[in-house]
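Asks: Below you'll find the structure I mean.
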Ligand code: PMP
């Protein structure tokens with residue numbers, strides 16, 4: 001630590017490097033990546049990309065991808081914003097919208113980066129407790145706020161919020177921005193994108209990292225009223241932030257255009273999730289109802305950290321959160337059927353689960 005570090009960065013905890021190991025002989029079920037490759041159309045598009053074009057700077061607006069996404073979601077291009085991963089999109093949204101005199105509201109358990117951004121950008125926030133069943137209870141969110149953010153489905157619980165509750169929240173909160181982070185919505189959640197035309201206070205974020213198997217290219221998007229999108233563009237363009245690179249745009253457009261593959265992969269992950277949930281329940285696990293590509297589970301007689309360690313020693317990586325209230329749980333990404341079978345077989349070999 002240096003005396004020149006500002007208080008905001010002194011309290012930051014760097015992201016655990018162990019979550020992205022350099023060795024490959026592991027079954028990686030810890031960061032919610034997709035176990036399947038991107039669409040073959042992505043492969044074709046990248047293979048036929050004219051390398052000669054790389055000497056030019058990319059289109060600052062990534063117009064091709066904006067067009068493709070606008071068409072896909074039946075929006076206009078000025079309702080679409082793009083960034084390098086949804087983490088960047090979220091950071092820009094925090095800068096653009098949440099520095100208010102009233103606190104930003106968020107669930108006490110949700111994507112951990114929201115609090116990181118609040119600390120970095122000095123945004124005041126208040127955490128609302130989850131309901132007893134770990135779901136987000138939007139009726140607790142008072143109208144006195146400088147914005148509201150939550151993930152739907154929530155992370156790391158995986159529990160979805162019904163669209164009707166989101167619409168009721170938008171109606172009660174017409175004077176503040178509601179940001180719905182739909183990183184995992186394609187695995188069984190209900191998207192709020194259809195509400196954008198009716199609610200100028202709604203911003204929805206998406207990522208290509210999960211359902212589209214493109215985490216390595218860093219592609220994220222936001223959808224909302226043109227004035228919100230213009231606010232994001234204004235922040236982004238005020239400090240020469242990078243546009244998406246040409247290869248990312250090429251791959252993302254090909255992915256959006258291959259809807260059949262996308263739906264098939266999502267469906268495969270959903271059905272693997274359902275069989276994994278059954279097997280985990282048979283082993284005595286409590287499994288929260290998930291509409292995501294991961295499950296949040298705890299065992300009544302084995303601690304989360306013991307289980308995580310037991311699995312890690314057997315080359316299976318899952319996520320454990322060392323936080324009060326969450327430390328009994330493991331978050332397990334849904335991999336292929338074979339990977340999940342290895343997980344279940346390995347758990348069966350645990351001395352307290354054998355039999
Ligand atoms: N939102 C949520 C809820 C997430 O879990 C993640 C990924 N960890 C992100 C956003 C960011 O994803 P990316 O930056 O890869 O688009």
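The values are calculated or read from the model by the stated rules, or taken from the named source; none is laboratory data. All figures in this text were calculated on a predicted structure; none of them were measured in a lab. Note that we place each Cβ from the backbone using ideal geometry, even for glycine, and neighbour counts take in every protein chain shown.
Asks: If only one of 100, 67 is more than 16 Å from the ligand (Cβ to nearest atom) and within 25 Å of residue 175 (Cβ to Cβ), which one is it?
Replies: It is 100.
Asks: Give region 327-341 a look and list any residue that's under 21 Å from residue 187 (Cβ atoms) and surrounded by 17 or more Cβ atoms within 10 Å (Cβ to Cβ), or say none.
Replies: If the condition is that a residue be under 21 Å from residue 187 (Cβ atoms) and surrounded by 17 or more Cβ atoms within 10 Å (Cβ to Cβ), then 329, 330, 331, 332, 333, 334, 335, 339, 340 are the ones that fit.
Here is a yes/no grid of residues against (1) over 30 Å from residue 296 (Cβ atoms); (2) loosely packed, with under 11 Cβ neighbours inside 10 Å; (3) at pLDDT 95 or above:
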position	(1), (2), (3)
22	no, yes, no
50	yes, yes, yes
72	no, no, yes
80	yes, no, yes
85	no, no, yes
97	no, no, yes
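Asks: A further question on this structure: Just to confirm my filter: which strands (runs of 3 or more DSSP E) fall fully inside region 173-265 and include at least 2 residues that are free of Cβ contacts under 8 Å to residues at least 60 places away in the same chain, within 20 Å of the chain's Cα centre (by Cα) and in the same structural domain as residue 145 (by TED's automatic domain parsing)?
Replies: Once the strands (runs of 3 or more DSSP E) in region 173-265 are filtered for at least 2 residues that are free of Cβ contacts under 8 Å to residues at least 60 places away in the same chain, within 20 Å of the chain's Cα centre (by Cα) and in the same structural domain as residue 145 (by TED's automatic domain parsing), what remains is 178-181, 202-207.
Asks: Another one. Select from region 22-38 the residues that are over 20 Å from the mean Cα position of the chain (by Cα) and touching a residue at least 60 places away in the same chain (Cβ under 8 Å) and write down the one among them that is nearest to residue 292 (Cα to Cα).
Replies: 27
Asks: So residue 330 passes all but one of these: (1) out of contact with any strand residue (DSSP E or B) (no Cβ under 9 Å at 6 or more places or on another chain); (2) in contact (Cβ under 8 Å) with a residue 24 or more places away in the chain. Which condition number does it fail?
Replies: Single failed check for residue 330: (1).
Asks: Quick test for you: out of 89, 109, 80, 116, pick the one residue that is more than 20 Å from residue 222 (Cβ to Cβ) and touching a residue at least 40 places away in the same chain (Cβ under 8 Å).
Replies: From the options 89, 109, 80, 116, the qualifying one is 109.
Asks: If you don't mind, another one. Give the number of residues within region 117-138 that are assigned to a helix (DSSP H, G or I), at pLDDT 95 or above and within 16 Å of the ligand (Cβ to nearest atom).
Replies: Final tally of qualifying residues: 2.
Asks: Let me ask something else about it. Mind checking which residues of region 215-229 are more than 8 Å from the ligand (Cβ to nearest atom), buried (at least 22 other Cβ atoms within 10 Å of the Cβ) and more than 20 Å from residue 149 (Cβ to Cβ)?
Replies: Passing the criteria: only 217.
Asks: Taking the stated definitions as given, is residue 167 modelled with pLDDT of 95 or more and either under 20 Å from residue 325 (Cα atoms) or not in a helix (DSSP H, G or I) (or both)?
Replies: So residue 167 fails the test.
Asks: Within region 266-288, can you find the residues that are in a loop (DSSP other than H, G, I, E, B), in contact with a helix residue (DSSP H, G or I) (Cβ under 8 Å, 6 or more places away or on another chain) and either free of Cβ contacts under 8 Å to residues at least 40 places away in the same chain or surrounded by 20 or more Cβ atoms within 10 Å (Cβ to Cβ) (or both)?
Replies: The answer is none; no residue qualifies.
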